[in-house]
Each structure stands twice: as structure tokens, then as C-alpha cells.
1. Say each of ALA201 and TYR25 gets a label point 7 Å from the Cα, pointing the same way as Cα to Cβ; how far apart are those two points in nm?
2. For a quick check: with amide H placed at 1.01 Å from N, whose amide H comes under 5 Å from ALA145's, ignoring anything fewer than 5 positions away on the same chain?
3. Once you have the Cα-Cα distance between ASN188 and LEU111, take 0.36 nm times their residue separation minus that, and quote the gain in nm to one decimal.
4. Taking the simple approach of a point 7 Å from Cα along Cα-to-Cβ for both ARG135 and ASP257, what is their distance in nm?
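Any read-out appearing in this document is the output of simple, stated calculations on the displayed coordinates, not a laboratory observation. This one's a predicted model, so the numbers in the text were calculated from it and none came from an experiment. A quick note on method: Cβ atoms are made from the backbone with ideal geometry, for glycine too, and the neighbour counts reach across all protein chains shown.
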Amino acid sequence: SPRPNVLFLVVDDLRPLLGAYGEKYMVTPNIDNLASRSVRFERAYIQHFKDNGYVTQSAGKIFHPGPASGNTFDYPYSWSNPAYYAPSTDDMYGKGNLHVIAVCPVYNMTLVPHGTLPDIQVADFAVEWLRNKSRQSDDQPFFLAVGFHKPHLPWRYPAEFLKLYPISTIPLAKDNVFPQWLPAVAWNPWHNLRQREDVAALNISWPYGPVPEDFQLKMKQSYSAAASYTDSQLGRVLQALDEGGFANTTIISFHGDHAPCQDDSSGVRQPATVAGGAGEVGG
């Protein structure tokens, strides 16, 4: 039988706070719909396509930049073509811009570099790649890996997604204080979060000081909005897959990397789903 295509979707810092995992207040319809027709993993810890005739392409955050990927994004070892890197990504980092703020919804897209955001550019690339592939007459299968940065810090996303999460609907964490018997080595004192200017302004005591409840809610609101923003971009890629005629010949693998510690957890859990449009997928 023909070899299936593979669409590999990665979301940086996405926790299993999703409707598909029972979190009713989250608005992630595209991810939830994908999960409803997938094998859904509670804990997934899992390499081979280019060497076996697939055209392979990555876009966005699939490999961590720098030494973690040998400073190559693993090209040409795993990929037929160089990775797509969103041009607006580099402009978002460094002193004096949005990167130094944890909570930074974008109210006017014309004011940010390139007039857009990295995950929008990544989705744009993936959509156009799938359209171009659908116009080709060859039957070479593909492995397309698409990585989204949000909801990783900083929480930078189009402000329209805040409307989905009024502060009054955001639940506080049930366990949001340092557990009495927790070993100090297991505690995350929020190094990354404390470096953000809006968090530093709170003057939270080191290392166990609690985050004020109003800012806890603000962070959870922005995390949720950023997750819904990514869901919308993922939806665009899935729609392009359908419109290109690939839905029934493509295995879709979706997962988050590790999820951030917010105000309630320092553990490890790996959510994932696999949809087998090309046949049944077990796991």
C-alpha cells in the first residue's frame, strides 16, 4: 500500500490544559477536534524518514536553536531542505522590546516587527508548502514538521484572544503554595519568570515568595490566550492539509514538549495525540 505522509505538530510549553484532557474552560477547538479522532496519550516518550524516500521539511521551533541541534537544526541529516525560520523571531528578543515582559498581548500588529508574529509566519509557510505540494504531480510522501513557539514565555499574542478568557472565569491553582515536605532541590524558584520586568516589579521574595493572586490570574489568562492563538494557527495548517487532499493519506502527530511550571506544578508529563488518516494507529 502507498506510504502515508506525516504531519508532525509541536507546540512549545503546551500543558495538557486542553478540552481534550478535561479542562473545560480552555478554548482550543482545533486541538480538541484532532484529539477526538486520534489515539490520545496520557504519557508519551518516543527517528527515519529522509533515508527512506520522504521529502522532509521543518518550520518553526522543532529543534532548539544552538548546540542542542548542533547549530544546524539537524540539516541536512534529517531534512531535505533547510528549516524555515520565521524572520520576525530575532526581532522579538533583546533589551527594549516585548521579550522582556512576561504578559504582553499585542493590540496593534502594525507596531511589532514585520507587522506580524513568528507563529503566524510559521503557519503561513506551512500552508503555502502544503499548497505547493498538492500542485506537484509526483507521489513522493512527505514528512512536514511544524513547530509553534507559543504558549512559551513571553506570552505575546494578538490581544483579541483575551476576549475568550475574562478574568472572572480563570480558576486559581488548587495547590499554589510551597508544599511543607517538598525537597528544596525539587522547587523551581522561577528564574526565567523573575527576569521579566513586569514580574520583577512585583518584588516577590526569594525563593518561596508567592505570586500575588491578581497576577496569578493575569498569567493564567495570558497563557490560555496564547494557547488559543496557537490553536488557531494549527487550525490553518490542518485546513490546508484537508484542502490539499492529504487528509486520508497523512498521519498527524501532535505533542507539547514539556509545559511550563506555572503556579501549581513542577512535575513532568508529556501529552500527545496521533491521528491516523492513512490507517489505524495504535499506541
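1. Once both label points are built, they end up 2.4 nm from each other.
2. It is PHE8, GLN57, SER58, ALA59, by chain and number.
3. On the way: separation 77, 0.36 × 77 = 27.72 nm, distance 3.45 nm.
Going from the current span to full extension adds 24.3 nm.
4. Computed distance between label sites ARG135 and ASP257 equals 3.3 nm.
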